[in-house]
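Reviewing the structure listed below.
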Amino acid sequence: MTQKQPANAHRLAIGDFTLTTLMDGQFEAGLDVLLNIDEARARQLHDASRRPAPARISLSAYLLDTGTQKILIDAGFGPLGGGAGGLLADSLADAGVKPADIDTVLITHVHPDHIGGLIDDNDQPTLPNATILVPAGEMDFWSGEAPNEGLEEHFQAAARVFKAVGSQMQRLEGDEVLPGVTRVPLPGHTPDHSGYRIRSANEQVLIWTDIVHMPQIQFPNPDAGIGFDVDPDQARETRKQIMAELAESREMVAGHHLDFPGVGYVVEDGEGYRFLPHVWQPTA
Ligand SMILES: [Zn+2]
Ligand SMILES: [Zn+2]
């Protein structure tokens, strides 16, 4: 039985730009990975969502084509997913883009499911012509010593990728990134966890990256965090603040762990929120 859908890429026009969601895969995660939520409540929300058990977390990367640049926003798991994910190269091919065509990679944060695809199974760079921009605070934190044992594995993954692609990496200072692209600091999940806002011709979208991992739980209950939040309290405050802002502004949001193709809107719903997926269009 085939494990791959025929199209794992989804195009969306943002003004004169094209934002393509690239499926990297899914990984299983038990509900016990959640923080700040009663286990029975989490199970109830999960059951109500009609999703399979055990729960799965979707993983995508995004490709922004500005007409002059091809910018990849994160790179999926690559060889670091232990069998999960790693479909980015196939999804890029589905989108008609060669790895050598990518000139810039914007990293949102240094977690294995976002940086692993920068290397192949032999620790060779996968994107030979790309400059890889890494938020300065992420570079500093993940280049240092792990502050506790729980973070060892993620630090080792970071070191492995930094070693392989270090010569392509540049520190990203400040928030003006590229024409039409600004960085939006969303700290907590990791110290310099960064979203990117894309604007072209009066249209815009905020890529909020790891604000939500389990939509079925964290939209109705935005207090709920995930076990790999580096600072769970700060992550919670950031999540609640950005959800409130987006519900108010009606801005489109995209997220690496929202269900493919991971673009839509945040709307208020009772005590929490609901995610309204963007309605699929036959043309970008
Ligand atoms: Zn993460
Ligand atoms: Zn992630």
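May I ask you to list the residues in region 130-150 that are under 22 Å from the mean Cα position of the chain (by Cα) and either outside any helix (DSSP H, G or I) or of a type in the set (Asp, Glu) (or both)? Across region 130-150, the qualifying residues are ALA130, THR131, ILE132, LEU133, VAL134, PRO135, GLU138, ASP140. Of the residues making up region 81-104, those that are touching a residue at least 40 places away in the same chain (Cβ under 8 Å) and either crowded, with 24+ Cβ neighbours inside 10 Å or closer than 19 Å to MET169 by Cα (or both) are GLY85, LEU87, LEU88, SER91, LEU92, THR104.
Being more than 30 Å from PRO147 (Cα to Cα) and either of a type in the set (Val, Ile, Thr) or in contact with a helix residue (DSSP H, G or I) (Cβ under 7 Å, 6 or more places away or on another chain) (or both) narrows it down to one of THR209, THR238, THR283, so name that one. Just one listed residue meets the conditions, THR283.
Yes/no per residue for (1) touching a residue at least 40 places away in the same chain (Cβ under 8 Å); (2) within 14 Å of ligand 2 (Cβ to nearest atom):
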{"site": "ASN8", "(1), (2)": "yes, no"}
{"site": "LEU19", "(1), (2)": "yes, no"}
{"site": "GLY25", "(1), (2)": "yes, yes"}
{"site": "ALA29", "(1), (2)": "yes, yes"}
{"site": "ALA42", "(1), (2)": "yes, no"}
{"site": "ARG50", "(1), (2)": "no, no"}
{"site": "LEU72", "(1), (2)": "yes, no"}
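Could you please find all residues in region 146-174 being acidic (Asp, Glu) and modelled with pLDDT under 95? Spell out how you get there, then give the answer.
Step one: filter region 146-174 for residues acidic (Asp, Glu), giving 149, 152-153, 173.
GLU149, the sole residue that qualifies.
Residues in region 228-250 that are among the acidic types (Asp, Glu) and either assigned to a loop (DSSP other than H, G, I, E, B) or more than 24 Å from ILE14 (Cα to Cα) (or both): 4 in all.
Return the only residue of PRO185, PRO191 being of a type outside the set (A, V, I, L, M, F, W, C) and more than 16 Å from ligand 2 (Cβ to nearest atom). Break it down into steps so the answer makes sense when it comes.
Working: PRO191 fails: more than 16 Å from ligand 2 (Cβ to nearest atom).
One residue alone meets the criteria, PRO185.
Checked against the criterion of being within 19 Å of the chain's Cα centre (by Cα) and in contact (Cβ under 8 Å) with a residue 60 or more places away in the chain, region 236-245 has at least one qualifying residue.
When the residues of region 187-203 are filtered to those that are charged (D, E, K, R), touching a residue at least 60 places away in the same chain (Cβ under 8 Å) and in a strand (DSSP E or B), which remaining residue is surrounded by the fewest Cβ atoms within 10 Å (Cβ to Cβ)? Full working, then the answer.
Residues of region 187-203 that are charged (D, E, K, R), as a first pass: 192, 197, 199, 203.
With the extra rule that they be touching a residue at least 60 places away in the same chain (Cβ under 8 Å), the set shrinks to 192, 199, 203.
Then drop every residue that is not in a strand (DSSP E or B), which leaves 199, 203.
On the way: ARG199: 16, GLU203: 14.
Out of the qualifying residues, it is GLU203.
Have a look at VAL230, VAL205, VAL212 and point out the one that is over 27 Å from PRO52 (Cβ atoms) and within 16 Å of ligand 2 (Cβ to nearest atom). I'd like the intermediate steps shown before the answer.
Numbers: VAL205 fails: within 16 Å of ligand 2 (Cβ to nearest atom); VAL212 fails: over 27 Å from PRO52 (Cβ atoms).
None of the others qualify; the one that does is VAL230.
Output yes when any residue across region 106-123 is within 30 Å of LYS240 (Cα to Cα), in a strand (DSSP E or B), modelled with pLDDT of 95 or more and within 16 Å of ligand 2 (Cβ to nearest atom), and no when none is. Yes, because at least one residue in region 106-123 is within 30 Å of LYS240 (Cα to Cα), in a strand (DSSP E or B), modelled with pLDDT of 95 or more and within 16 Å of ligand 2 (Cβ to nearest atom). Screening LEU206 against (1) touching a Phe, Trp or Tyr at 6+ places or on another chain (Cβ under 6 Å); (2) surrounded by 20 or more Cβ atoms within 10 Å (Cβ to Cβ); (3) in a strand (DSSP E or B) leaves a single unmet condition, (1).
Mind listing whichever residues of region 52-101 are touching a Ser or Thr at 6+ places or on another chain (Cβ under 9 Å), of a type outside the set (Gly, Ala, Ser), more than 16 Å from ligand 1 (Cβ to nearest atom) and assigned to a loop (DSSP other than H, G, I, E, B)? Listed by number, the residues that qualify are THR66, GLN69, VAL97.
When you scan region 251-274, how many residues do you find that are within 16 Å of ligand 1 (Cβ to nearest atom) and in a strand (DSSP E or B)?
First, the residues of region 251-274 that are within 16 Å of ligand 1 (Cβ to nearest atom): 254-258, 262.
Now drop any that are not in a strand (DSSP E or B), which leaves 254.
Number satisfying all stated conditions: 1.
From the residues in region 166-186 that are in a loop (DSSP other than H, G, I, E, B) and crowded, with 18+ Cβ neighbours inside 10 Å, which one is farthest from ligand 1 (Cβ to nearest atom)? Ranking the candidates gives GLY180 first.
Hey, among the residues in region 107-128 that are more than 17 Å from GLN156 (Cα to Cα) and within 15 Å of ligand 1 (Cβ to nearest atom), which one's surrounded by the most Cβ atoms within 10 Å (Cβ to Cβ)? Only one residue fits best here, namely THR108.
The values are calculated or read from the model by the stated rules, or taken from the named source; none is laboratory data. Predicted model, so just to flag it, every value in this text is computed and none were measured. Don't worry about glycine lacking a Cβ; one is built from the backbone with ideal geometry, like all the others, and counts go over all protein chains shown.
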